[in-house]
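Okay, so here's the structure we're looking at.
The values are calculated or read from the model by the stated rules, or taken from the named source; none is laboratory data. Just so it is clear, the structure is predicted and the values come from calculations on it, not from any experiment. Positions of Cβ are generated from backbone atoms using ideal geometry, with glycine treated the same way; all protein chains shown enter the neighbour counts.
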């Protein structure tokens with residue numbers, strides 16, 4: 001990932017930790033399934049996917065961060 005994309009990833013990660021999984025302020029934010037979400041961190045190329053594992057303690061798992069092309073492989077599982 002280019003440096004500016006890594007910076008966006010870190011920003012998103014911090015928002016997820018501090019504000020929770022619903023990040024409607026990010027481009028193309030959406031649900032992928034029950035407790036699974038995604039958004040783009042740079043144009044339409046770089047995507048992050050995460051899931052909320054425990055609602056009571058806000059345990060999140062970022063399970064993908066990479067190119068949109070590679071994310072399509074994850075979506076199909």
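Brief remarks on what is shown
- Being touching a residue at least 12 places away in the same chain (Cβ under 8 Å), surrounded by fewer than 17 Cβ atoms within 10 Å (Cβ to Cβ) and part of a loop (DSSP other than H, G, I, E, B) is a condition met by at least one residue of the stretch 58-68.
- Note on the stretch 4-28: residues that are exposed (fewer than 14 other Cβ atoms within 10 Å of the Cβ) and not in a helix (DSSP H, G or I) total 6.
- Number of positions in the stretch 29-39 that are part of a loop (DSSP other than H, G, I, E, B) and surrounded by 13 or more Cβ atoms within 10 Å (Cβ to Cβ): 2
- Checking the stated criteria, residue 13 turns out not to satisfy the condition of being without any contact (Cβ under 8 Å) to a residue 40 or more places away in the chain and at negative phi.
- Inspection of the stretch 40-51 finds no residue satisfying the criterion of being modelled with pLDDT of 90 or more, in contact with a helix residue (DSSP H, G or I) (Cβ under 9 Å, 6 or more places away or on another chain), surrounded by 11 or more Cβ atoms within 10 Å (Cβ to Cβ) and not in a strand (DSSP E or B).
- Scanning the stretch 57-66 for residues that are at pLDDT 75 or above and farther than 11 Å from residue 37 by Cα, we see that the one that is nearest to the chain's Cα centre (by Cα) is 65.
- Cβ-Cβ distances below 9 Å connect the following pairs, each with a first residue in the stretch 29-50 that is free of Cβ contacts under 8 Å to residues at least 40 places away in the same chain and at positive phi, a second residue that is part of a strand (DSSP E or B) and loosely packed, with under 15 Cβ neighbours inside 10 Å, and a separation of six or more residues or different chains: 35/53.
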